[in-house]
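Student: Have a look at the structure that comes next, please.
The values are calculated or read from the model by the stated rules, or taken from the named source; none is laboratory data. Everything quoted here is computed from the prediction, not taken from an experiment. Cβ placement follows ideal geometry from the backbone for every residue including glycine, while neighbour counts extend to all protein chains displayed.
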Amino acid sequence: MKPSVIWKLLLLFCITAAFCNGCWDKKEFNQLAIAQTIAIDYEDGQYQLTIQLLMPNAAEETISSEQMWVIDGQGDSVGDALEQISFCAPREIYLEHLDIVLLGQGLLEHDMGQGLEFLMKQHVLRRRTSLLAVEGRAGDILQAKPDLADVDIFYLSNLLRDQKRRVKGSSTIINDYYLAMNDTVPGAVVIPRIVAKGEKELCLDGGALVYQKELAGWVDQQWLTSYHWITGGREIYTLPLEQTQQRAVTLDIHKKRCQWELLSAEPLRVRANLQGSIYIVENDTLAETLPLQQIEQLNRQVETQVKQQLTEQIQKDFKQVQQQGCDVLRLGRWLYAWHPELVRGRDWPQLFGELEIEVNLETEIELYELK
Amino acid sequence: MGSSKLISTRELFYIVLLLHQGGVFWVLPYLQVKENGTASLVSLLSGLLLGALIIAVCAFWGSRCRETTFIPSLTQLLGKPLGKIVGLLFVLFYAAFAVISLYTCIEVIGGQLLLETPRTLLICTVFLLVGWLSWNGLEDMARLTVLCVVLVAAILLLALAGSVELFSVENLLPLELRSVDDVRPALLHSTFAYSGLMILFMIYPALNQTRRAASGMLLAMVVSTGIFVVWVLLALGVFGQFSTGSMIWLPLELARMIRISSFLERTEALFAVLWLAIVFVNSSLLLWSVSESLHQLLERQKSRWLHWGLVTLMALACMQIKDILRMFALEWQLARGSVVLLPLLLVLVLAGSWLYGRRKGGAPQ
């Protein structure tokens, strides 16, 4: 054979090899079990993984409940548990589409970081993946059969999306966790809690307070309302009113992100400047009976009460956080960024518990008279 | 291989800009920010200084020896034995830098995108494509760089738009050097990354006009450093100082964070395609420099056997690097070596050019 022919054949071989590269990593859509949600539990020294799988059929355009599978496995480590699952999986499990991680109470009390470490290192989870906490066993949430959604694989993600639409910064992603845990000044993170109501319904209610990779406590929905003054966003809130003929009003509060201000270094005093526009969206019957010129006066009256009550509530919740020693407000991070000399070399958890936080709430009631 | 005289100063600007995208510059943030966070960006100054020095020496040499290409000119400047030795050192440096840079690309493709594809096949494919592109000559690559700069802007904008929601200025602060000892390695890594500009000696003779070439190159270096700084600041603002120091492939991690409303997410495939186009051109330029300098050193015309033999040799060298940690070890050794070698080479070229200019009458041509 002539050298030129050998050269051309070699070139042809190389070109073929070059264009076949992708084939080694090919994934057939209808041969995959796509994981949408994973639940991680820790019980009796064993990690338990439960994965909700979607097994698409190339012939069907819509997704039916027959295509859903829930599969679980357990082992001494997350890697072990995942391997157990792969032994009995009906198809190749495709984890790159994981959108939500459910963390069981056992894992939260043990070490949340260990639960995530393997999956992060395997590039299974993205830092954008949402976290949800479960009081009890996380796997049970995936076993629930919600009737409210035709395609229950999207139930959780729809709940999260709706929540996010209403309250900015209400969801917690893995990146938030690593930012809080790996910082020079230890911070805490709030993970929304998902609750199963019977076997038919799931709902978001309160959250888990995680500090130094472990569960510090559970917080209720009212606490979260105060917390969301820190992150900003929009929220519907019903407030009982005193000293007016009206018993309660429903407020649509548009919160701005909290602005911290250092008042004094010794003793350490800071002020949380909170701003929000308030729209009364329900029960404004009082206004209907008043002439227009008196509405402004009523606005001011309601505003004063709203401000007073919200300030008290926020102060109370901030105090609770300080007592728990969990800097969920990311105040330490703020101080370390702008006034590092106040934090460096000091015991931040203790300092956080002792510092004085003043709350300055500025609200304005808008468009009271409009429907 | 013979350089044509058809590279414009505009194309040279894009070449310099592109040399700092992909490749070694992808791992540079990881090597820099771990201990000192945002403040470690100060270590870029050593790289900038070296870059400016390379550009200045290159322009000075170009003004004295325009009638010949770089490696043959070394024998004229320094005499035959020393000129050949210095020429060989240049070839070896180009080869080592190209291997490091190409292995970085292969590691991204093999470790992050095509996990099941055998590494040997990836190396063969990458070297085949890069070898073919460099075989076609500098002009083709120079034309491609213009297109690639658009891609650089596209991926940067994509990352900016997708991550801005998570960006926090507080994550960048405070600006302080916590560990001064760790600045020294960062300075070395930074210097090594900028030493890729040494290939400008090979490209410069191909310029169709040298007027304002030096200022163009300097501007390109500053712009590319600016783009790099934006990447690092974006990553620090999103991931925080600690996490950024533990991520090797920073731009890819940022691509994983992109979520624009609910319609654009999981963009790393798009990101990777755009990035691959950039690194192929980038790597081709490096490989072309190695091949071209070797041809000049051996005083050979464009030889298929020499070019593809070199490509094969470099592919084999890449196969010897087993993982990213070994690559870092190799990069560290080269970075340490180049701190001594590069200033020495530059001084020799500078002194030789000055003496050569004086011998010719002192006036720049």
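Student: Does B:GLU292 satisfy being more than 14 Å from chain A (Cβ to nearest Cβ) and crowded, with 24+ Cβ neighbours inside 10 Å? Break it down into steps so the answer makes sense when it comes.
Tutor: Numbers: more than 14 Å from chain A (Cβ to nearest Cβ): yes; crowded, with 24+ Cβ neighbours inside 10 Å: yes.
Yes, satisfied.
Student: Only one of (1) more than 10 Å from chain A (Cβ to nearest Cβ); (2) surrounded by fewer than 19 Cβ atoms within 10 Å (Cβ to Cβ) is not met by B:VAL169, so which one is it?
Tutor: It is condition (1) that B:VAL169 fails.
Student: Do we have any residue at all in the stretch A:144-164 that's at pLDDT 80 or above, under 23 Å from A:GLN222 (Cβ atoms) and assigned to a loop (DSSP other than H, G, I, E, B)?
Tutor: Within the stretch A:144-164, not a single residue is at pLDDT 80 or above, under 23 Å from A:GLN222 (Cβ atoms) and assigned to a loop (DSSP other than H, G, I, E, B).
Here's the yes/no breakdown for (1) touching a helix residue (DSSP H, G or I) at 6+ places or on another chain (Cβ under 7 Å); (2) surrounded by 15 or more Cβ atoms within 10 Å (Cβ to Cβ):
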| site | (1), (2) |
| --- | --- |
| A:LYS255 | yes, yes |
| A:ARG271 | no, yes |
| A:GLN294 | no, no |
| A:ASN299 | no, yes |
| A:LYS307 | no, yes |
| A:THR311 | no, yes |
| A:ASP317 | yes, yes |
| A:GLN322 | yes, yes |
| A:ARG333 | yes, yes |
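Student: Can you name every residue in the stretch B:255-266 that is within 10 Å of another protein chain (Cβ to nearest Cβ) and either of a type in the set (Ser, Thr, Tyr) or closer than 20 Å to B:THR38 by Cβ (or both)?
Tutor: B:MET257, B:SER262
Student: Residue by residue through the stretch B:131-143, note down the ones that are surrounded by 22 or more Cβ atoms within 10 Å (Cβ to Cβ) and away from chain A (no Cβ under 11 Å).
Tutor: Going residue by residue through the stretch B:131-143, those that are surrounded by 22 or more Cβ atoms within 10 Å (Cβ to Cβ) are B:131, B:134, B:138, B:141-142.
Hits for the stretch B:131-143 are B:SER134, B:LEU138, B:MET141, B:ALA142.
Student: Which strands (runs of 3 or more DSSP E) does the stretch A:199-313 wholly contain that include 2 or more residues that are at pLDDT below 80?
Tutor: Working: elements: A:201-211, A:214-219, A:233-240, A:248-255, A:259-264, A:269-282.
By residue number, A:233-240, A:248-255, A:269-282.
Student: Still on this model: How many residues does the stretch A:347-371 contain that are exposed (fewer than 14 other Cβ atoms within 10 Å of the Cβ), within 30 Å of A:THR289 (Cα to Cα) and either within 14 Å of chain B (Cβ to nearest Cβ) or not charged (D, E, K, R) (or both)?
Tutor: 2
Student: Listed residues B:LEU74, B:LEU44; which is modelled with pLDDT of 90 or more and either closer than 20 Å to B:PRO205 by Cα or of a type in the set (Val, Ile, Thr) (or both)? Write out each step before concluding.
Tutor: On the way: B:LEU44 fails: either closer than 20 Å to B:PRO205 by Cα or of a type in the set (Val, Ile, Thr) (or both).
None of the other options fit; the residue is B:LEU74.
Student: Check off (1) among the hydrophobic types (A, V, I, L, M, F, W, C); (2) under 22 Å from the mean Cα position of the chain (by Cα); (3) under 30 Å from A:HIS123 (Cβ atoms) for B:LEU270 and give me the number that stays unchecked.
Tutor: Checking B:LEU270 against (1) among the hydrophobic types (A, V, I, L, M, F, W, C); (2) under 22 Å from the mean Cα position of the chain (by Cα); (3) under 30 Å from A:HIS123 (Cβ atoms), the one that fails is (2).
Student: For A:GLU60, state whether it is modelled with pLDDT of 90 or more and charged (D, E, K, R). If you could, list the steps in order and put the result at the bottom.
Tutor: Working: modelled with pLDDT of 90 or more: no; charged (D, E, K, R): yes.
Considered against the rule, which asks whether it is modelled with pLDDT of 90 or more and charged (D, E, K, R), A:GLU60 comes out as no.
Student: Can I ask one more? Sort through B:LEU286, B:LEU316 and tell me the only one that's free of Cβ contacts under 8 Å to residues at least 12 places away in the same chain and either assigned to a helix (DSSP H, G or I) or closer than 25 Å to B:TYR30 by Cα (or both).
Tutor: Values: B:LEU286 fails: free of Cβ contacts under 8 Å to residues at least 12 places away in the same chain.
Selected residue: B:LEU316, the only one of B:LEU286, B:LEU316 that is free of Cβ contacts under 8 Å to residues at least 12 places away in the same chain and either assigned to a helix (DSSP H, G or I) or closer than 25 Å to B:TYR30 by Cα (or both).
Student: Taking B:ALA269 and the conditions (1) small (Gly, Ala, Ser); (2) buried (at least 18 other Cβ atoms within 10 Å of the Cβ); (3) within 14 Å of chain A (Cβ to nearest Cβ), which numbered condition does it fall short on, given that it satisfies the others?
Tutor: Result: B:ALA269 fails condition (2) only.
Student: Go through (1) part of a strand (DSSP E or B); (2) under 22 Å from B:GLN241 (Cα atoms) one by one and return the number of the condition A:ALA196 breaks.
Tutor: (2)
Student: Go through the stretch A:166-191 and give me each residue that's in contact with a helix residue (DSSP H, G or I) (Cβ under 7 Å, 6 or more places away or on another chain) and in a strand (DSSP E or B). First the steps, then the outcome.
Tutor: Initial filter on the stretch A:166-191 (in contact with a helix residue (DSSP H, G or I) (Cβ under 7 Å, 6 or more places away or on another chain)): A:167-171, A:174-175, A:178-179, A:181-190.
Result: A:ALA188, A:VAL189, A:VAL190.
Student: Within the group A:ARG165, A:ARG126, which residue is closer than 24 Å to A:TYR47 by Cβ, more than 11 Å from the chain's Cα centre (by Cα) and within 14 Å of chain B (Cβ to nearest Cβ)?
Tutor: Numbers: A:ARG165 fails: closer than 24 Å to A:TYR47 by Cβ.
So the residue among A:ARG165, A:ARG126 that is closer than 24 Å to A:TYR47 by Cβ, more than 11 Å from the chain's Cα centre (by Cα) and within 14 Å of chain B (Cβ to nearest Cβ) is A:ARG126.
Student: When you look at A:ASN175, is it free of Cβ contacts under 8 Å to residues at least 12 places away in the same chain, within 14 Å of chain B (Cβ to nearest Cβ) and crowded, with 16+ Cβ neighbours inside 10 Å, yes or no? Explain how you work it out, then say what you get.
Tutor: Values: free of Cβ contacts under 8 Å to residues at least 12 places away in the same chain: no; within 14 Å of chain B (Cβ to nearest Cβ): yes; crowded, with 16+ Cβ neighbours inside 10 Å: yes.
Taking the combined requirement at face value, the residue does not satisfy it.
Student: Then there is this: Which condition from (1) of a type outside the set (Val, Ile, Thr); (2) touching a Leu at 6+ places or on another chain (Cβ under 9 Å); (3) away from chain A (no Cβ under 14 Å); (4) farther than 18 Å from B:GLY22 by Cα is the one that B:SER215 breaks?
Tutor: Tallying (1) of a type outside the set (Val, Ile, Thr); (2) touching a Leu at 6+ places or on another chain (Cβ under 9 Å); (3) away from chain A (no Cβ under 14 Å); (4) farther than 18 Å from B:GLY22 by Cα, B:SER215 fails exactly one: (2).
Student: Could you list, in sequence order, the residues of the stretch A:100-135 that are crowded, with 21+ Cβ neighbours inside 10 Å, among the small types (Gly, Ala, Ser) and part of a helix (DSSP H, G or I)?
Tutor: Hits for the stretch A:100-135 are A:GLY106, A:GLY115.
Student: If you go through the stretch B:99-127, how many residues are within 12 Å of chain A (Cβ to nearest Cβ), in contact (Cβ under 8 Å) with a residue 24 or more places away in the chain and either not β-branched (Val, Ile, Thr) or not in a helix (DSSP H, G or I) (or both)?
Tutor: 6
Student: Contact list please: Cβ distance under 7 Å, first residue in the stretch A:325-346 and away from every other protein chain (no Cβ under 12 Å), second residue small (Gly, Ala, Ser), pairs at least six apart or on different chains.
Tutor: Matching pairs, first to second residue: A:GLY325/A:GLY353; A:CYS326/A:ALA188; A:CYS326/A:ALA216; A:ASP327/A:GLY187; A:ASP327/A:ALA188; A:VAL328/A:ALA188.
Student: Limited to the stretch B:128-172, what total is found for residues that are closer than 27 Å to B:PHE239 by Cβ and part of a loop (DSSP other than H, G, I, E, B)?
Tutor: 5
Student: Among the residues in the stretch B:192-212, are any away from every other protein chain (no Cβ under 14 Å), at pLDDT below 90 and more than 25 Å from B:VAL57 (Cα to Cα)?
Tutor: No, the conditions are met nowhere in the stretch B:192-212.
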